[in-house]
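Here's the structure we're looking at; comments come further down.
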Amino acid sequence: MIEVHELTKRYGRPGAGRLAVDRLGFDVGPGRVTGFLGPNGAGKSTTLRLILGLNEPTSGTATVGGRRFRELPRGLRDVGALLDAHDVHGGRTAEAHLAALARTNGIPRRRAAEVLEEVGLAEAARRRIGGYSLGMKQRLGIAAALLGDPPVLLFDEPVNGLDPEGVRWARGLFRRLAAEGRTVFVSSHLMSEMEHTADDLVVIGRGRLIAAESVADFAARGTRRSVTVRTADPAAAPGLADALAAGGATVRRGEAGTLTVTGTAADRVGVLAFRHGVPLAELTARASSLEEAFMELTADSVEYR
């Protein structure tokens with residue numbers, strides 16, 4: 001369990017510096033994948049560093065299992081993390097890199113080979129990391145996070161640089177780790193990936209909490225809902241489109257008598273079609289996607305437009 005309470009981080013002089021995290025509070029529980037979202041500059045990376053004790057908060061607390069990370073006795077056995085895939089010594093091999101981490105954390109050396117196999121780098125274990133692609137470095141970072149078999153895992157943009165197969169692999173890995181009862185906290189800017197990976201979301205903007213809820217509940221907060229209408233008689237579609245527009249709806253015309261309607265409910269569309277004698281072959285309501293809800297609900301928190 002990760003618990004963040006009234007967490008604040010200000011850089012620079014008191015009262016005059018930059019406020020990166022502002023009285024932030026949320027919990028991340030075990031058994032679920034929790035996505036961590038926010039516009040660029042929202043404070044996501046700073047928050048992860050505060051949780052891991054790499055930065056000292058100005059005020060507030062961030063704990064793992066009820067204790068600050070620096071107080072945890074077992075290092076990588078307690079928490080595994082990937083913050084920056086480039087933060088490795090390019091002159092070392094992957095095998096040597098993980099062996100050093102294992103030794104300093106009291107982890108059996110055999111775990112290095114096990115996690116390299118798990119992330120698909122076994123054949124590249126003795127190659128120097130400087131020759132790795134970004135995707136390979138991401139896999140190595142994930143391997144390092146898994147090295148101590150910890151109950152809590154944090155990943156900052158872990159699928160950057162991965163090809164489609166790698167993204168699919170990472171998605172399955174995170175869900176499997178959560179299914180094993182671990183706490184899995186994943187920061188990402190890829191909305192489509194979070195929609196397929198995360199169970200819950202923590203969304204922040206300008207260092208403040210915007211939402212902490214399930215993916216479905218967050219998407220449902222978006223107002224950009226639409227209705228897809230397909231007429232059994234394509235020739236009747238223009239008349240229905242005009243009737244919907246006259247009623248205040250926004251209508252986009254597609255092929256074969258298909259209309260995409262926003263600004264009105266599906267039952268209202270059905271009533272208008274009945275009144276105008278338009279036979280329908282399809283009437284489907286669609287909620288906002290995660291990306292649409294995110295763009296709408298974080299619009300006031302975007303630092304650069």
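If only one of 31, 66 is farther than 30 Å from residue 113 by Cα and either in contact with a Cys (Cβ under 9 Å, 6 or more places away or on another chain) or surrounded by fewer than 17 Cβ atoms within 10 Å (Cβ to Cβ) (or both), which one is it?
Numbers: 31 fails: farther than 30 Å from residue 113 by Cα.
Exactly one of 31, 66 is farther than 30 Å from residue 113 by Cα and either in contact with a Cys (Cβ under 9 Å, 6 or more places away or on another chain) or surrounded by fewer than 17 Cβ atoms within 10 Å (Cβ to Cβ) (or both), namely 66.
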Within the stretch 159-197, considering residues that are part of a loop (DSSP other than H, G, I, E, B) and either touching a His at 6+ places or on another chain (Cβ under 7 Å) or modelled with pLDDT of 95 or more (or both), the one surrounded by the most Cβ atoms within 10 Å (Cβ to Cβ): 182
Residue 54 vs. criteria closer than 30 Å to residue 295 by Cβ and either surrounded by fewer than 17 Cβ atoms within 10 Å (Cβ to Cβ) or within 26 Å of the chain's Cα centre (by Cα) (or both): no
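For residues that are touching a helix residue (DSSP H, G or I) at 6+ places or on another chain (Cβ under 8 Å) and not in a helix (DSSP H, G or I), tally how many sit in the stretch 101-140.
From the stretch 101-140, those touching a helix residue (DSSP H, G or I) at 6+ places or on another chain (Cβ under 8 Å) are 101-102, 104-109, 111-113, 115-116, 118-122, 124-127, 129, 132, 135-140; that's our starting set.
In the following step, the residues that additionally are not in a helix (DSSP H, G or I) were identified as 105-109, 119-121, 125-127, 132.
So the answer is 12.
Can you go through 201, 147, 190 and tell me which one is over 25 Å from residue 296 (Cβ atoms) and of a type in the set (A, V, I, L, M)? Spell out the reasoning first.
Numbers: 201 fails: over 25 Å from residue 296 (Cβ atoms); 190 fails: over 25 Å from residue 296 (Cβ atoms).
None of the others qualify; the one that does is 147.
Take residue 236 and tell me if it is crowded, with 16+ Cβ neighbours inside 10 Å, out of contact with any helix residue (DSSP H, G or I) (no Cβ under 6 Å at 6 or more places or on another chain) and closer than 30 Å to residue 29 by Cβ.
No: the conditions fail for residue 236.
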Looking only at the stretch 208-263, and only at residues there that are part of a loop (DSSP other than H, G, I, E, B) and of a type in the set (A, V, I, L, M), the one that is modelled with the lowest pLDDT: 256
Flag if residue 148 is in a loop (DSSP other than H, G, I, E, B) and touching a residue at least 40 places away in the same chain (Cβ under 8 Å): yes
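Residues 24, 98: which one is part of a helix (DSSP H, G or I) and either of a type in the set (A, V, I, L, M) or not assigned by TED's automatic domain parsing to the domain that holds residue 160 (or both)?
Working: 24 fails: part of a helix (DSSP H, G or I).
Just one listed residue meets the conditions, 98.
So which of 135, 141 is assigned by TED's automatic domain parsing to the domain that holds residue 34, free of Cβ contacts under 8 Å to residues at least 40 places away in the same chain and within 19 Å of the chain's Cα centre (by Cα)? If you could, list the steps in order and put the result at the bottom.
Working: 141 fails: free of Cβ contacts under 8 Å to residues at least 40 places away in the same chain.
After ruling out the rest, the residue left standing is 135.
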Total residues in the stretch 1-20, condition over 12 Å from residue 61 (Cα atoms) and either of a type outside the set (A, V, I, L, M) or surrounded by 18 or more Cβ atoms within 10 Å (Cβ to Cβ) (or both): 9
Verdict on residue 230 being more than 17 Å from the chain's Cα centre (by Cα) and of a type outside the set (Gly, Ala, Ser): yes
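The values are calculated or read from the model by the stated rules, or taken from the named source; none is laboratory data. Here the structure is a predicted model, which means the values were calculated and not measured. For neighbour counting, all protein chains shown are included, and Cβ atoms are generated from backbone atoms with ideal geometry for every residue, glycine included.
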